[in-house]
Ligand code: NDP
Ligand code: BG6
């Protein structure tokens, strides 16, 4: 049954071309945590279902918590049962579970790393062959540095430094909290690892529709000629969530929408939408183009009156018909908090292709609904033929790439209403993933874990890329810090954000689309 699903599902067929990871020991730091349980373990299980794990695959959980192997195996089984997109098949899962082990140790002491090294060597002895060690850092960022340093000091970073068995390190977000800390982290990494061993995660890049952006742009000849300032009026990127901060209040207080979403996820969406065609699909060519694009973005002046940046916090409101508290009343949040739960920006890209085209981005928690999309709005045709507004309801042609939840693409066109009189209205042409490919598509983490095992860094962030993005964002954060709550807007939970964000577009003669298909 599972085999048949793999054979007929086009996405999975696509994935299966990426086989070829060498025997792998994956060590997850922070293995008792939320991300491990909700995303990493289910992703590993689903890769196994699709027969994409290397035959000699071992999972080691690492953390300060004392735990027996059996307890770890049980906890991982629960996470598959609860969070996997496919039901647990005991025969398949047993292959991972029965060899999985847990390694208790601090993150900043050398001894547990030495023992971890011995454990990996003993696996090699049992198998009678070398393995690659993949270190997945899934802890809070405060311990990224000690882990990286200890991987270096213990020699684990340099196990088989070159070639197929070279150690690899996957680093979760957030990668730093400003330009300086990102540089600092990059410097630690460079001391211990070669850049080819490093995989900085942005899980948005693992989403199907985000990967499809490159295909959409460069495997179709009809879009590229229009993808420039001559035809595009503006681009709107929306990453809206209906959830609040939930139990993550204390994390979010240190973060805010700008660090949590804009600096990474939305910037990545912008880069892929606006970058020049790469010379090839190899990771460096694509990442070179993304960096060039980020460097072409005009720095913002966050202190300017009626500037290009808006920040806001949600107030009490209704989401899905239910009353929800304001941000300041959430657990773990300072009642006088100056942390933004919403940010909107207007960016200008100073290059030949995009000069004069505004790129609007917004992201927020507790918005009207969960929707992530990129909308490319084209210029209107000259209003010579269809100028009578009574009869001709005309919209700007817009191509909307829906990233989630209802993955697909919508093209907004103007069309004649059937009848004896000529009247027009905007209509939508839809392409839906679920209709064409079925709904059980791989999760982002499946693709990213597989790619890191195989050694394909295309969907990961390079060191200079993250620094370029922080370079744009850091002055805004510094200004906000200086002003505290002054200038912080408010929006009702369940709405589309503050009025100031609407005004940001009105000033340019634009308005936010009602996001969604
Ligand atoms: P958790 O807070 O659940 O922490 C993971 C593990 O790290 C804990 O189980 C604990 O294990 C250890 N840990 C927790 N706090 C500390 C601390 N202060 N110092 C040292 N160790 C600590 O994190 P998540 O699993 O939620 O997130 C892991 C990483 O993934 C983070 O960098 C996060 O930003 C990122 N991320 C998380 C997402 C999510 O949805 N959860 C989404 C995207 C990214 P032990 O006590 O055994 O050492
Ligand atoms: C994470 C943020 O990176 O992305 C979370 O830390 C956010 O705050 C999440 O909820 C959104 O991811 P997705 O895949 O649900 O859009």
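A short reminder: the numbers here are calculations on the coordinates, not readings from a lab. Computed from a prediction, not measured in an experiment: that's the story for all the values here. Please note: Cβ atoms are built from the backbone with ideal geometry, for glycine as well, and neighbour counts cover all protein chains shown.
Some observations on this one:
- Against the main long axis of the alpha-carbon atoms of the chain, helix 208-218 sits at an angle near 60°.
- In terms of the mean number of neighbouring beta-carbon atoms within 10 Å, the peptides 287-293, 87-93 order highest first as 287-293, 87-93.
- Counting beta carbons within 10 Å around each of 492, 333, 239, 215 and listing the fewest first gives the order 215, 492, 333, 239.
- Descending Cα extents along the principal axes, the stretch 355-461, whole Å: 61, 37, 30
- Rg/Rh ratio calculated on Cα atoms of the stretch 438-517 (Kirkwood radius): 1.11
- At q = 0.08 Å⁻¹ the log10 of I(q)/I(0) for the chain amounts to -0.54, computed by Debye summation with a single uniform scatterer per C-alpha, solvent ignored.
- Considering the stretch 111-192 at the alpha-carbon level, its Rg and Dmax are found to be 13.8, 45 Å.
- By average C-beta atoms within 10 angstrom, highest first, the peptides 70-83, 137-150: 137-150, 70-83
- Distance from the alpha carbon centroid of the stretch 226-243 to that of the stretch 447-475 works out to 22 angstrom.
- Expected 222 nm ellipticity per residue - DSSP helices of 4 or more, -39500 (n - 2.57), all of the chain, to 500: -10000 deg cm²/dmol
- Sequence-separation-based contact order of the chain, relative, with Cα cut under 8 Å and 6+ spacing, percent: 17 percent
- Rounded tilt (10° steps) of 463-483 against the dominant C-alpha axis of the chain: 60 degrees
- Rg(Cα)/(2.2 N^0.38 Å) for the stretch 200-354, N = residue count: 1.22
- Taking the longest Cα principal axis of the chain as reference, the axis of helix 179-192 is set at about 30 degrees.
- Contact order for the stretch 241-347, expressed relative to its length and based on alpha carbon pairs under 8 Å spaced 6+ residues apart, stands at 37 percent.
- Centroid-to-centroid separation of the stretch 148-211 and the stretch 40-65 [C-alpha atoms, Å]: 19 Å
- Cα Rg over Rh - the stretch 143-266, Kirkwood: 1.07
- Proxy reagent accessibility, fewest Cβ within 10 Å first, across 284, 111: 111, 284
- Where only alpha carbons of the stretch 308-368 are counted, the Rg and the Dmax (Å): 16.0, 48
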